[in-house]
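**Q** I have a structure I would like to understand better, so I am pasting it below and will then ask my questions one at a time.
What follows is calculated from the coordinates using simple rules that are stated; it is not laboratory data. Here the structure is a predicted model, which is why all the values come from computation and not from measurement. When we count neighbours, we look across all protein chains shown, and the Cβ atoms used for this are built from the backbone with ideal geometry, even at glycine.
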Amino acid sequence: LTSFLEDGVCSYLKLPFGEQKKNVDESKPPLPFSASYFMFNKLSAWSRDRKVQSKLLTPADRSSRVLFQFISSYQPKYLLNPLCLFCDVLSRCFKTKEERVEIPVPESSTTVKITTYSISGTTFATRHFEIHKKDISFVPLAPHILSLTPDFSTSTLTLKWSDNGSAFPYGLDASWEIEVLRKETMEDVTRETYNSKLIHEDIIHSWNWKSDMPLECTSHYVKIRRYINITQFDGPKDWSDWSPVEVVPGKDTEPNGSGLFPQDTVVAVGSNVTFCCVHKEGQQIQRMSYGAKDYPLIRLSSRSSAIRVLNANASSASGTNIVCTMSEDWMDGAVLFVGYGPDVPKGLSCETSNFVIIKCTWKPGRATGLYKVRGTKYSLTESISGKNVSCEVNEMKKKHVCGFPVLADQKTYSFILGASNPIGQTEASLLVDLNQRVNPETPEKLTASGNSSTSVHLRWFINGSFAEIRLLCEIEISSGRSEQKVHNVSMPGGKFSNYTVQLNALHPYTKYQFRVRCSAADHFWRWSDWSGTLEYTTLEAPPTRGPDIWRERSPSGKSLRIFWKPLSLSEANGKIVSHEVSCYLLEESLEYKEVMEPSNSTEIKLGRNDCVISVVAKNHAGSSPPSRITSVELPSDNVKTDRAVAMGNGIYISWNSFPNMTCGYIVKWCHSSGSEPCSVDWQKFPSNTTDAVIKSALFRPGVRYNFSLYGCKSSGYQLLKNVTGYMKELPPKRAPNFTVEETSSDSILVKWEDMSIEDCQGFLEGYRLSFAKGEKDALKPRLLESGNPELKVKNITDLTKKSLKILDLQGKTSYQLDLQAYTAGGLSPPNSLYVVTKEDCKLNIPIN
Amino acid sequence: DSWGIFAFLCAALCNLPAVPALNGTEELGAGQSIQKTYDLTRYLEHQLRTLAGTYLNYLGPPFNEPDFNPPRLARAERVPSATVDLDLWRGLTDNARLAANYRAYSRLLCYLRGLDGQVGTVELRHRLGHFCSSLQGLVLSIAGVMSSLGYPLPAGPAGPPTPPGAPAAPNNFLKKMDDFWLLKELQTWLWRSAKDFNRLKKKVPPAVVTLRIEARGF
């Protein structure tokens, strides 16, 4: 043993474990635990004052030793340069000056002798004790941190280390304990466990940790230790020592570091956020505010303080300001944007209008409260083709739109609309069969052409490629003449092409409005918008019938006036330009005239002759069939004049049946307007008719009309009777003028004048004379309105009577007399007179 | 009756785009042209009060707090400062003062136009747009006064000023601070310009101008 002594100092001896093994079996590799570390955790102390521990070191060289470590309770002066000699059972000795030594791991158990020498070289103490293998603990070496990387923008630390797995058998469970500390005082922040499996390879592990405090605020430290559950080892297992600490220094450690952190971050509503203000040496923070509120300061170091905002509310459009006010007229600030992650897009719908672009629309849902660069970004991914487009949306619009190109030979599209903002992301999906989602572009360039009066060719263009589907188009046909109609037509689709259709059964010379919209015929989805309206007028056709005609002999009987009525629009089929009037006598034309519009009558000098008159209406397309009437007027006698009945909206006329009138009846009347000669009008009735209500827009209430009823025979027309009447009777315009013819003491004789037909406004039925005592005084109420009990009324219904004597009056008394005329329409306004009766000459002798 | 004045000014401003560069001032005469510029300045002062209120509210506290008085950070110097010693300012010639006004508003206008794109709300963007056109009118109006007084326009930004190559603010807070200082400087400039034009108005009464025009006629 003394051979290890060198100058009175213990030397350190290592013996490889392998040397011992060679004696057993050279071909076998070292035992599994040979690459591991061991520690005696339970030793029978060779001295009560000393503990001896052992560890196996350095796995890399695959040698195993037991490390003895002395923890001495001796005073240091005794321990100064102690010399120690360890000898195991094989008499292998290890000399050390330290309080530790490594010896090989024993096979099962071994006895160790430890001798301590004093400085002078004499033996100080010697002890023997036994080590059992099961008493040796397995303690891995402390792991080594490869890197600790900060990401300041996300306040994230990334730790990397190797598991040295190649030194261990395959499949061992390893646990790693990582501790994060912060501030100069190294306060614990978190301790986390990370589990892995050793696969007999050196694997580099990575662990991320997001700090609730920006990394700039103060220094952050990380250390790691490990535990390996080595199943082949009998003894207890324990955690390794901690690795050396790695540090991410805070801004407060930089000589000129300052600022407010974090800057321009975006967080979700309800988040807790820590802000810190790092300043230069010598400055003092006066206050820190978030929004409008000051927050209590949390001191991190002499150059850094923080505030903690809990449950942050949504910020306004420009973000919430955090301000750090310092002494020395200095200020720092930051803006925090608090909002929501994007909502799941609502009502995603995709369709195509042209088979070039698929247009997808959706509503964004709840507002995120974030705008511009922080606003929600949308992307549309089609998972069958794997294509992806990003969407430019207008934040201001309620409905968002994104276009996706139609792909060749693809009909089914599986869309995923992704929405993302700095807080989060969502998506909505939609499976679309494009042929079932066609909403064609609006038809345009609608034109019409045609060379017929009853049909038209419509032509339009649709800007889209519909070659693979059929289109169903709806044509709306409007005209002033008939109800709006819709015409549906199905046609094969084309590639950016024109479409034509012929419309039949139209009316000639009619202004039509056409418009078109289209949809997919086989799978209806939506109609396109209506095209613009096209106005088109069909060509003219000859008038369908001749005009309704009448004729009248002049009073002299030498000429004949022929009247015709205008054709209705549907009969005229165009613009009537003239009427041809001719007069025939037994196939011989006596007279021919072309009368230009707008005349509706003409005169033929006929002398005393008669003829058959023919009238033809002409437009640009041709002539109507002729209308004919004979000029012959059959003699009639004993023509009576009847009264017609006013119907309010027309005039009722009736007549007896005349069996020999074989071709019906004609009622003729005349409208007079002012001084102009009256204009003739007429109406025809079949032979079985015996009454009619004559209506005309020209009839006015209170105007008397005279009608003539003619019967029609094959030989000519015969006047049957005259009828006079009103559409509506009105009260007379005024009362007749009346005068007092004579007065006596008890009577007054009044006379009145005839009234004109115009003043009567109806058939005059009688007069009403009212009288009562009364004086001429404008202030007193009028006689007729007063309800005077003395009022007396005389009703004169005999229209031939033009005077009346009022009797039984008082003498020398003033009377008021009111005269009114009346018709079925009512009473006229009164004419009033005041009369004073003469003085009574007689004595008042009562009779009887 | 201040409403009446503003109504008149508004009506006057509506016609501004129709009078590019106010070439008509030659015929108006310097006195009237100064009066118009003065009126416009007062109108802008009023308009800015409303705009600044809305804009500072948009920036949020503490920018909209009445006693907010931040230290002028070095960055803010890129906005032309109106903080000049009053005696020094008064000591300048009319020409120099007008030129300084012209230059300042040309630059301020650039920055103001820069605000437009960033602002989140539509209404505020609209208001800013309106104020910018008014301020553009003032720049042109000052040019008109200078030409009517026979002063050359200062070299540099003439007509539509080109944006200076100042770097954008590195973060949102400093951007807000820039905006704050822009509005504050604008306020000070307008306040002082009103005084400048008032003084100039007294110096160049309309009668003198009439005489000058008559003299030209000979």
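**Q** Just to check I understand the Karplus step: with θ = phi - 60° and J = 6.51 cos²θ - 1.76 cosθ + 1.60, what whole-Hz values come out for the stretch A:827-832, glycine and proline as x?
**A** Running phi through 6.51 cos²θ - 1.76 cosθ + 1.60 with θ = phi - 60° gives 8, 6, x, x, 9, 10 Hz.
**Q** Read phi for every residue in the stretch A:712-726 and hand back ³J(HN,Hα) as whole Hz from Karplus 6.51 cos²θ - 1.76 cosθ + 1.60, θ = phi - 60°, with x for Gly and Pro.
**A** So the J values, rounded to whole Hz, are 10, 10, 4, 8, x, 10, 10, 6, 9, 6, 10, 10, 10, x, 10.
**Q** Taking R0 as 41 Å, what's the FRET efficiency between A:Thr158 and A:Gln286 from their Cβ-Cβ distance, rounded to 0.05?
**A** 0.65
**Q** Also, quick follow-up: Hey, with R₀ at 30 Å, roughly what FRET efficiency would A:Thr500 and A:Leu407 work out to, going by the Cβ-Cβ distance, to 0.05?
**A** E between A:Thr500 and A:Leu407, to the nearest 0.05, is 0.45.
**Q** Take the alpha carbon atoms of the stretch A:708-732, find their center, do the same for the stretch A:323-388, and report the distance between the two centers in whole angstrom.
**A** If you average the Cα positions of each part, the centres end up 87 Å apart.
**Q** Hey, another quick one. Can you give the FRET efficiency to the nearest 0.05 for A:Thr533 and A:Lys565, using r as the Cβ-Cβ distance and R₀ = 35 Å?
**A** Efficiency, rounded to the nearest 0.05: 0.55.
**Q** Quote to one decimal, in nm, the extra length available between A:Val639 and A:Trp207 on full extension: 0.36 nm per residue of separation minus the C-alpha distance between them.
**A** That works out to 142.9 nm of additional length.
**Q** So if I take the centroid of the Cα atoms in the stretch A:569-633 and the same for the stretch A:243-299, what is the distance between those two points in Å?
**A** 108 Å
**Q** 7 Å from Cα along Cα→Cβ at both A:Asn488 and A:Ser654: what's the point-to-point distance in nm?
**A** Going by the 7 Å Cα→Cβ label model, 5.4 nm.
**Q** Another question about this same structure. Full-extension gain between A:His523 and A:His132, please, as 0.36 nm times their residue separation minus the C-alpha to C-alpha distance.
**A** Answer, rounded to one decimal: 132.0 nm.
**Q** Any of A:Lys618/A:Lys728; A:Lys721/A:Lys794; A:Lys684/A:Lys728 with alpha carbons more than 28 Å apart? Name them for me.
**A** A:Lys618/A:Lys728; A:Lys721/A:Lys794
**Q** Sort the stretch A:609-726 into rounded, prolate or oblate with this rule: let a ≥ b ≥ c be the square roots of the eigenvalues of the Cα gyration tensor; rounded if a/c is under 1.5, and if a/c is not under 1.5, prolate when a/b is larger than b/c, oblate otherwise.
**A** The shape class here is oblate.
**Q** Using a cut-off of under 13 Å, list every residue of the stretch A:458-483 whose amide N is near the label point 7 Å from the Cα of A:Lys359 along the Cα-to-beta-carbon line.
**A** In the stretch A:458-483, the label zone of A:Lys359 (backbone N under 13 Å from the point 7 Å along Cα→Cβ) covers A:463-464.
**Q** For the ranges A:726-735, A:442-451, B:47-56, what's the packing order if you count other beta-carbon atoms within 10 Å of each residue, average per peptide, and put the highest first?
**A** Put in order of decreasing packing, that is A:726-735, B:47-56, A:442-451.
**Q** Let me ask something additional. Extending each Cα 7 Å along its Cβ direction at A:Asn706 and A:Met596, get the distance between those two points in nm, one decimal.
**A** 3.5 nm
**Q** Which residues does a label at A:Ser623 reach in the stretch A:510-541, if reach means a backbone N under 17 Å from a point 7 Å past the Cα toward the Cβ?
**A** A:541
**Q** Shifting gears a bit: Obtain the nm distance between the two label points defined at A:Ala142 and A:Thr454 by a simple spin-label model: each point lies 7 Å from its Cα along the Cα-to-C-beta direction.
**A** 10.9 nm
**Q** Provide a whole-number value for the mean count of partner chain Cβ atoms within 10 Å of the Cβ atoms in peptide B:171-178.
**A** Mean inter-chain Cβ contacts per residue within 10 Å come to 6.
**Q** Full-extension gain between A:Glu468 and A:Asn435, please, as 0.36 nm times their residue separation minus the C-alpha to C-alpha distance.
**A** That pair, A:Glu468 and A:Asn435, stretches by 11.0 nm at full extension.
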